[in-house]
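The values are calculated or read from the model by the stated rules, or taken from the named source; none is laboratory data. No experiment lies behind these values; they were computed from the predicted model shown. Here the Cβ positions follow ideal geometry from the backbone for every residue, glycine too, while neighbour counts run over all protein chains shown.
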Amino acid sequence: MNNEMNNKTYLIIGGTGGIGQAMVQQLVQQTTDSQSNQSHRTQVFATYHRNEPNIEAENLHWLPMDVSDEESIKKAADTIKQTVSHVDWVINCVGLLHTETAQPEKALRQMETEFFLQNMKINALASLLIAKHIKPLLAKANRSANHPAVFATVSARVGSITDNQLGGWYSYRMSKAALNMGMKNLSIEWGRSLKDVCVVVMQPGTVNTQLSAPFQGNVAEGHLFSPAYSAECLLEVLSGMTATQSGSFVDWAGESIPW
Ligand SMILES: NC(=O)c1ccc[n+]([C@@H]2O[C@H](COP(=O)([O-])OP(=O)(O)OC[C@H]3O[C@@H](n4cnc5c(N)ncnc54)[C@H](OP(=O)(O)O)[C@@H]3O)[C@@H](O)[C@H]2O)c1
């Protein structure tokens, strides 16, 4: 993790997920490392959904947030506002592919309204509502064109319309495509109203988490990332982003993905 990432205030949404928790741990670890040889002001806010995890650190603040409930998003943002003046980076790591009762569709006959709407709420709408309530905190971020504030969402390559060769997974694919359009739109709006903020959607690789667990059978050897490796790559890519790259869809290596 590079020095550029010290002394920032981070908000990780979905800090208990595979990728989200790895990000939280790396940012907290960076804080600990930098404590040994320099003073620091790094703060990490992280949200949990069902259960508060027992990861503790001096500069780590856990908050409850259900991203399908706007009031819950607003409440978390208000709590952060009472603690700090600004947030420099926001990374939304929440996502839904399957539930206890529903799997991604293999064919049209499996489409169900409730599951589709749940995907849209959690994968597509949430980032817009988070942006709506977190904007005042991002507006006060310490930033420049070369080191912008960051509003990133972990999306998925399967949300690329151009890249779709296999079909299937209607709800997940459509919700990620909708997320991507929402974030592209937001990058244009904030490009006018909020200086030096980089809005990004990212493909994390195929990562060994509970989300991908039922679908890892066809992953080629050596292509299943650990959450720690994916998180490290995503943070590294974000640390190199400039304001002119706002509105990008990139993968864990920083390569552009077609919409
Ligand atoms: N893993 C992969 O191979 C892969 C590939 C491409 C893209 N992605 C994307 O990467 C992101 C992270 O996925 P992951 O693999 O780390 O999955 P994960 O381990 O299943 O984490 C998902 C997180 O989302 C949270 N969540 C679900 N519903 C929520 C809600 N209503 N409110 C707040 N939080 C909620 C979960 O919390 P609870 O468990 O408490 O509900 C969990 O912390 C997702 O957007 C996913 O689509 C993953």
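For the structure I just gave you, tell me whether GLU100 is acidic (Asp, Glu), out of contact with any Leu (no Cβ under 6 Å at 6 or more places or on another chain) and without any contact (Cβ under 8 Å) to a residue 12 or more places away in the chain.
yes
So which residues in the stretch 200-222 are touching a residue at least 60 places away in the same chain (Cβ under 8 Å) and either of a type in the set (Val, Ile, Thr) or within 30 Å of SER144 (Cα to Cα) (or both), if there are any at all?
Residues satisfying the conditions are PRO204, VAL207, THR209.
Quick one: is ASN92 touching a residue at least 60 places away in the same chain (Cβ under 8 Å), under 24 Å from GLY247 (Cα atoms) and among the polar types (S, T, N, Q)?
Taking the combined requirement at face value, the residue satisfies it.
Would you check which residues across the stretch 215-248 are in contact with a Phe, Trp or Tyr (Cβ under 8 Å, 6 or more places away or on another chain) and over 22 Å from GLU4 (Cα atoms) and list them?
PHE225
When you scan the stretch 222-240, do you find a residue that is out of contact with any helix residue (DSSP H, G or I) (no Cβ under 9 Å at 6 or more places or on another chain), under 26 Å from GLU100 (Cα atoms) and modelled with pLDDT of 95 or more, even just one?
Yes: the stretch 222-240 contains one or more residues that are out of contact with any helix residue (DSSP H, G or I) (no Cβ under 9 Å at 6 or more places or on another chain), under 26 Å from GLU100 (Cα atoms) and modelled with pLDDT of 95 or more.
Looking at the stretch 103-118, is at least one residue within 16 Å of the ligand (Cβ to nearest atom) and within 15 Å of the chain's Cα centre (by Cα)?
Scanning the stretch 103-118, I find no residue that is within 16 Å of the ligand (Cβ to nearest atom) and within 15 Å of the chain's Cα centre (by Cα), so the answer is no.
Among the residues of the stretch 54-91, count how many are under 18 Å from the mean Cα position of the chain (by Cα) and within 13 Å of the ligand (Cβ to nearest atom).
Residues that pass the stated criteria total 13.
Kindly list the number of the only condition in (1) closer than 26 Å to GLN118 by Cα; (2) in contact with a helix residue (DSSP H, G or I) (Cβ under 6 Å, 6 or more places away or on another chain) that fails for MET183.
In the conditions (1) closer than 26 Å to GLN118 by Cα; (2) in contact with a helix residue (DSSP H, G or I) (Cβ under 6 Å, 6 or more places away or on another chain), MET183 misses (2) alone.
Looking for something of a type in the set (Lys, Arg) and within 16 Å of the chain's Cα centre (by Cα) - is there at least one such residue anywhere in the stretch 139-159?
yes
Quick check on my filter: what residues within the stretch 188-205 are over 15 Å from the mean Cα position of the chain (by Cα), at negative phi and not hydrophobic (A, V, I, L, M, F, W, C)?
Residues satisfying the conditions are GLU189, GLY191, ARG192, SER193, LYS195.
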